[in-house]
Structure formats: C-alpha cells, structure tokens
Amino acid sequence: MYLSKKLSAQNHIQGAERAKNGAVVFRFAERRDTALILYFVKRLAEYEDMLDEVAATEDVLEEWIFGQKKAEVIFAVSGGKEVGFALFFHNFSTFLGRAGIYVEDIFVLPEQRRKGVGRAMFTELARIAVERGCGRLEWWCLDWNKPSIDFYLSMGAQPMDEWTVYRIAGDRLKTLAGG
C-alpha cells in the first residue's frame with residue numbers, strides 16, 4: 001500500500017501497519033522537510049558526479065517548492081526512515097491536450113537499492129499521474145547511467161531517441177531576455 005495525502009483514515013491505518021513490517025510507504029514532503037530534500041539532491045549529485053553544480057540552498061528550495069508551489073516531493077519511507085525521494089512537477093502536452101508529470105529527480109539510497117524501492121516509487125508516481133488525469137510520466141536519464149536505463153526499460157519505459165534536449169541558462173538566458 002502506498003500513502004498519499006488523499007488516503008482514507010482506514011487506509012492510513014493499514015499503511016502504518018504494513019510500514020511496521022518493512023514495506024515501503026510514501027508521504028508528500030512538507031516545509032519542515034526542506035533540509036532532507038537538499039540532502040537527497042546532494043546525494044543524487046554525488047552519484048552523478050555533479051555535486052559542484054548544486055547551487056540550491058534550503059532557502060531556495062523552500063521558496064520554490066513550498067512558497068511558489070512549482071514542484072512537489074514524495075519520500076519513500078521504509079522502517080520509519082526516508083530511503084528515497086522524487087521531485088516532480090506538471091508539464092503539458094498540446095498533442096494529448098492534458099498535463100503530464102515530469103520527474104526532475106528520483107533517488108534511492110544505495111543501501112536500499114535492489115529491494116523494490118525504485119519500482120515502488122515509479123508505481124506511486126504513476127498512481128499520482130493517473131489519479132490526476134495526466135497523460136504521461138516523463139524523465140531524463142544520463143546516457144552513461146546503464147543501471148538506471150536497464151531498470152527503466154524493465155518497467156516498460158520507452159527512450160525518446162528522436163528528441164534532443166536543448167537548454168538556455170545562466171547568462172545566456174539573461175541575454176536572450178534582453179538583460
């Protein structure tokens with residue numbers, strides 16, 4: 001059983017009972033979790049050898065996630081401890097005519113991998129997408145990350161080989177904006 005904000009009291013009690021037995025449950029992050037979100041972001045960045053690129057701070061994350069409400073975070077909890085996180089937000093497909101969910105970051109602590117936590121996280125994200133009427137669930141993966149690619153393919157994910165990602169950021173973004 002996976003927990004979300006909308007579970008009934010009965011389901012919440014059942015979920016708590018299963019959590020005691022080592023099952024993975026989920027909870028949405030709250031403002032008080034900002035430091036924990038940053039911890040997971042940094043752990044992901046370490047894994048990707050990109051820690052020097054993390055500019056986010058607790059204040060920035062708190063403002064954009066909880067103040068501006070531009071993203072949401074769920075935590076995977078096992079044995080009473082957060083063992084994974086996913087940060088996501090809605091995008092929109094004009095072809096589908098509906099929103100989708102874009103997973104910006106997903107990370108499971110190394111010692112918790114190969115225990116079903118990652119698959120459970122994607123199951124929860126899919127459940128959220130379906131519950132909200134979304135048409136798709138999308139994310140990017142670094143080309144070198146073969147373990148993750150193999151995992152995604154095992155779930156039935158399809159690589160979007162015909163697309164190239166473009167980005168304008170930093171000073172180039174300011175210049176384009178006329179600044």
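Laboratory data are not the source of any read-out in this text; all were calculated from the coordinates shown. What you see is a predicted model, and the numbers here were worked out from it, not measured in a lab. Note: ideal-geometry Cβ built from the backbone for every residue, glycine included; neighbour counts use all protein chains shown.
Let me confirm the definition first: pairs of Lys residues in the chain, 8 or more apart or on different chains, C-alpha distance under 23 Å. How many are there?
The result is 18.
Counting only other residues whose beta carbon sits under 14 Å from that of L109, what net charge do I get with K and R as +1, D and E as -1? Write down the numbers at each step before the final one.
Values: positive: K42, R43, K81, R113, R114, K115; negative: E46, E82, D105, E111.
After counting each charged neighbour, the total is +2.
Using the Cα centre of the chain as origin and beta-carbon charges of +1 (Lys, Arg) and -1 (Asp, Glu), tell me which of V41, W140, A120 is placed farthest towards the positive end of the dipole.
A120
If the elastic network links every pair of Cα atoms under 10 Å, which of Y102, Y166, Y39 fluctuates the most in the Gaussian network model of the chain?
Y166
Defining a contact as two alpha carbons under 8 Å apart and six or more residues distant in sequence, what relative contact order in percent does the chain show?
Details: 199 pairs, mean separation 28.3, N = 179.
Once normalised by length, the contact order is 16 percent.
Express in whole angstrom the spacing between the alpha-carbon centres of the stretch 108-179 and the stretch 23-54.
The stretch 108-179 and the stretch 23-54 have Cα centres spaced 15 Å from each other.
Counting only helical runs of four or more DSSP H residues, what would the 222 nm mean residue ellipticity of the chain come to if each run contributes -39,500 (n - 2.57) and the total is spread over all its residues? The partial results should precede the final answer.
Details: 6 runs with 61 residues, N = 179.
It lands at -10000 deg cm²/dmol.
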